[in-house]
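The values are calculated or read from the model by the stated rules, or taken from the named source; none is laboratory data. Being a predicted model, the structure only gives us computed values, none of them experimental. Note: ideal-geometry Cβ built from the backbone for every residue, glycine included; neighbour counts use all protein chains shown. Just the protein is used for accessible areas: all its heavy atoms, side chains included, with ligands, DNA and RNA removed. Shrake-Rupley method; radii C 1.70, N 1.55, O 1.52, S 1.80 Å.
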Amino acid sequence: QVQLVESGGGLVQAGGSLRLSCAASGRTISSSNMAWFRQAPGKEREFVATITWSGGTYYADSVKGRFTISRVNAKNTAYLQMNSLRPEDTAVYYCAADPSGTFYYTPSYNYWGQGTQVTVSS
């Protein structure tokens, strides 16, 4: 079992930046694929970015070039650096670990954090 706790969300103006953190506990995540998803009000949860255990990354088209996913295994933590934020990035952001199937498919993940709110004002 692994527990995930997100932090770093907040209110930011359009064009600004935030860095989200996902701290894991219970076991090491060094061999885990990690991902970030987000859910806006009235919408389904959607894939944002993933990083494999070996450091490979993949991004949703909507965030490519603006967001960067990373990990520090020594801290058992994954990160999401978000730059050039837009009002449409407003959502609750969730960290997830260990997909058993397709990495951009929400039901593939068994481990989720509680989420952190990101609000981008125009």
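Every residue in segment 38-51 that is open to solvent by less than 40 Å² (accessible area, probe 1.4 Å), part of a strand (DSSP E or B) and either more than 12 Å from Ser70 (Cβ to Cβ) or of a type outside the set (Ser, Thr, Tyr) (or both), please.
Arg38, Phe47, Val48, Ala49, Ile51
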Restricting to segment 73-92, name every residue that is assigned to a loop (DSSP other than H, G, I, E, B), open to solvent by 30 Å² or more (accessible area, probe 1.4 Å) and at negative phi. Asn83, Arg86, Thr90
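Conditions tested, residue by residue: (1) closer than 14 Å to Tyr109 by Cβ; (2) of a type in the set (Asp, Glu); (3) touching a Lys or Arg at 6+ places or on another chain (Cβ under 8 Å).
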position	(1), (2), (3)
Val12	no, no, no
Gly16	no, no, no
Leu20	no, no, no
Gly26	no, no, no
Ser30	no, no, no
Ala35	yes, no, no
Arg45	yes, no, yes
Filter result for the condition that a residue is among the polar types (S, T, N, Q), in a strand (DSSP E or B) and open to solvent by 40 Å² or more (accessible area, probe 1.4 Å), over Ser54, Ser31, Ser70, Ser62: Ser70
Pull out all pairs, ordered by first then second residue, where Cβ-Cβ is under 9 Å, the residues are six or more apart or on different chains, the first lies in segment 59-87 and is touching a residue at least 12 places away in the same chain (Cβ under 8 Å), and the second is among the aromatic types (Phe, Trp, Tyr) and open to solvent by 40 Å² or more (accessible area, probe 1.4 Å). Ala60/Tyr104; Ile69/Tyr58; Arg71/Trp53; Asn73/Trp53
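Report yes if some residue within segment 94-110 is touching a Lys or Arg at 6+ places or on another chain (Cβ under 9 Å) and assigned to a loop (DSSP other than H, G, I, E, B); otherwise report no.
Of the residues in segment 94-110, the ones touching a Lys or Arg at 6+ places or on another chain (Cβ under 9 Å) are 94, 106.
This time we only want the ones that are assigned to a loop (DSSP other than H, G, I, E, B), so: none.
No, every residue in segment 94-110 fails to be touching a Lys or Arg at 6+ places or on another chain (Cβ under 9 Å) and assigned to a loop (DSSP other than H, G, I, E, B).
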